[in-house]
1. Could you list, in sequence order, all residues of the range 291-307 that are closer than 19 Å to THR91 by Cα and open to solvent by 40 Å² or more (accessible area, probe 1.4 Å)?
2. Name the pairs whose Cβ atoms lie under 9 Å apart, with the first residue in the range 285-304 and over 30 Å from ARG341 (Cα atoms), the second not in a loop (DSSP other than H, G, I, E, B) and not aliphatic (A, V, I, L, M), and 6 or more positions between them or separate chains?
3. Here is a list of conditions, (1) over 30 Å from PHE338 (Cα atoms); (2) in contact with a His (Cβ under 6 Å, 6 or more places away or on another chain), and GLY94 meets all of them except one; can you say which number that is?
4. Quick one: in the range 121-150, of everything that is open to solvent by less than 70 Å² (accessible area, probe 1.4 Å) and not in a helix (DSSP H, G or I), which residue is modelled with the highest pLDDT?
5. Say we look at the range 323-363 and pick out the residues that are of a type in the set (A, V, I, L, M, F, W, C) and part of a loop (DSSP other than H, G, I, E, B); which of these is nearest to the chain's Cα centre (by Cα)?
6. Please enumerate the residues belonging to the range 44-61 that are assigned to a strand (DSSP E or B) and open to solvent by less than 40 Å² (accessible area, probe 1.4 Å).
7. Can you work out which of the residues in the range 73-97 that are among the aliphatic types (A, V, I, L, M) and farther than 14 Å from LEU44 by Cβ is surrounded by the most Cβ atoms within 10 Å (Cβ to Cβ)?
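The values are calculated or read from the model by the stated rules, or taken from the named source; none is laboratory data. Only a predicted model underlies this, so the values are computations on that prediction, with no experimental measurement involved. Note that we place each Cβ from the backbone using ideal geometry, even for glycine, and neighbour counts take in every protein chain shown. The protein model used for the area step is the full one, side chains on, heavy atoms only, and it has no ligands, DNA or RNA in it. Shrake-Rupley method; radii C 1.70, N 1.55, O 1.52, S 1.80 Å.
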Amino acid sequence: MIEIGAQVDLSHPADRVWLALTDRQLLGRWFAEAETVEGVPDRLLLHTAGLPGFDANVEVEVTERQEPDLLVLSCDEAGRLSELTCTVTVTKQGCRLELREVSTHGAWSGEQHGPREQQLRQALTVRLPAILDWLAFQQVDLRRADGGMTAELPVVGVRGRAGRNPRRRRTLVAVVAGAVLVAGTAAWVTLPPDSKPVAAPVPSPSGSPTVTPTRSSVAPTATPSARPTRVTTSPTTRPSRTPSAKPSRTPESAAPPPPPTPMTARYQTDSSRLFGYTGEIVVGNPGAAPVADWAVVVTLAEGTTVDDVDGANWRQDKRVITFTGTAVAAGGSQTISFDVRDSRPKAREPESCTIGGQRCAGL
C-alpha cells in the first residue's frame, strides 16, 4: 500500500473550500478539468493525462460525503485503483484541508510517485488558494470609488468605541493647571505691597522772646531764651516697604504625574498567498504598570479588506483598521493575528502600522 498526502492551512471558511472541491467548473480551475459520466451519478472523469505523475485520465466516484467535513473518492486510472480522502477541519484562521491518496490495486512507479505528490502539493498551496481568493472577491466590490456597490463582507468583532485617551487628557489638564498656578504666584510676588501714607512732620512754631525781669535798675531787656529748633525726621525712622512681615503664599500643588511609558508594536507577515496574506502584530508594554488604553492603526491598500481577526477588537473605516484590546500587563505582550484580502498580486504587508503615533517595528 503506497500513500500520497498533502495538507494546507487556508484562511477561508470550510463551506467555501467545500465548494471548490465539489463544483466541477471550480475543480477544473485549480486541479484538472472534469466532466460528468452520463448515466452514473456522483461520477466524474478528470482529464489528468499529461499532468506530472499521471499516465491517463482518472475516473472518480464519490463513495462518502459529509458536507463540509469529509469527501471520499474511489479513483480508477487505467486499471490502477486508489482511494482519495479529503478532510476539512475548521481552524481559527479558516480551515485545514488534508488530502490522502492510498493505492488499493496496483502501484505507482518510482518515477510517478514524486511528481504526482509534487503536483498535488502545488495545486493545494498555489492554485487552490488563488481560486478561493477569487471566490471571496466575488462578495466584495473592488471599485468602491466608482460607485455601484454590490456586496460587502460583514465587519465583525467590534467591541467598544475608539476614543481619546482619558489618561493623556487628565495629564494635560494637570500640566495646564500647574502652569496657571505658578504664573499667578509669580505675578503676586512682583506686585508692590499696599503702602500707607505717612504723615508729614508738623513744624514747630518759631521761638518767641521771653521777658525776664531782673533786679537791676536797668530797664528790662528782651532776651530770647532759646533759639528756635527745626524738627527733622531721620531717614532711619521711615517705615520699611519690604513685605517681610507678610506670610508666604507659595502654592503647595502636587507636581503632574510623569507620562506613561509608550507601548511598542512589531509587525510580521505570518503567511502569504497570491491575493492576500496573514499579518501578525505583537503589542508590548515595557512600563511598570498595566496599560488599558492602547490602539494599533493599520493602513491597507485600496480595495483591501480584513475578514478574520484573532487577539483584539477591530473596526475598519475604508482603508484604516483600528485594533484595540484588553489591558496589557506590565512587561507583558499581546499578539494580534489578522487575515488580509489584497487585490494586489503577491502583496505581503500593509502600507503602514502605528501605535500611539509611533511606527511599528519590522515594517
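1. Once the filter is applied, which keeps residues that are closer than 19 Å to THR91 by Cα and open to solvent by 40 Å² or more (accessible area, probe 1.4 Å), the range 291-307 yields only ASP307.
2. Every condition considered, the pairs that remain are PRO286/THR264; VAL291/ARG167.
3. Failed condition: (1).
4. VAL140
5. Residue satisfying both the conditions and the ranking: CYS360.
6. If the condition is that a residue be assigned to a strand (DSSP E or B) and open to solvent by less than 40 Å² (accessible area, probe 1.4 Å), then LEU44, LEU46, VAL58, VAL60 are the ones that fit.
7. That would be LEU97.
Yes/no matrix, rows are residues, columns are (1) touching a Phe, Trp or Tyr at 6+ places or on another chain (Cβ under 9 Å); (2) closer than 23 Å to HIS12 by Cα; (3) open to solvent by less than 40 Å² (accessible area, probe 1.4 Å); (4) of a type in the set (Ser, Thr, Tyr):
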| position | (1), (2), (3), (4) |
| --- | --- |
| GLY279 | yes, yes, yes, no |
| ALA289 | no, no, no, no |
| ASP317 | no, yes, no, no |
| PHE323 | yes, yes, yes, no |
| ILE336 | yes, yes, yes, no |
| GLU349 | yes, yes, no, no |
| GLY357 | no, no, no, no |
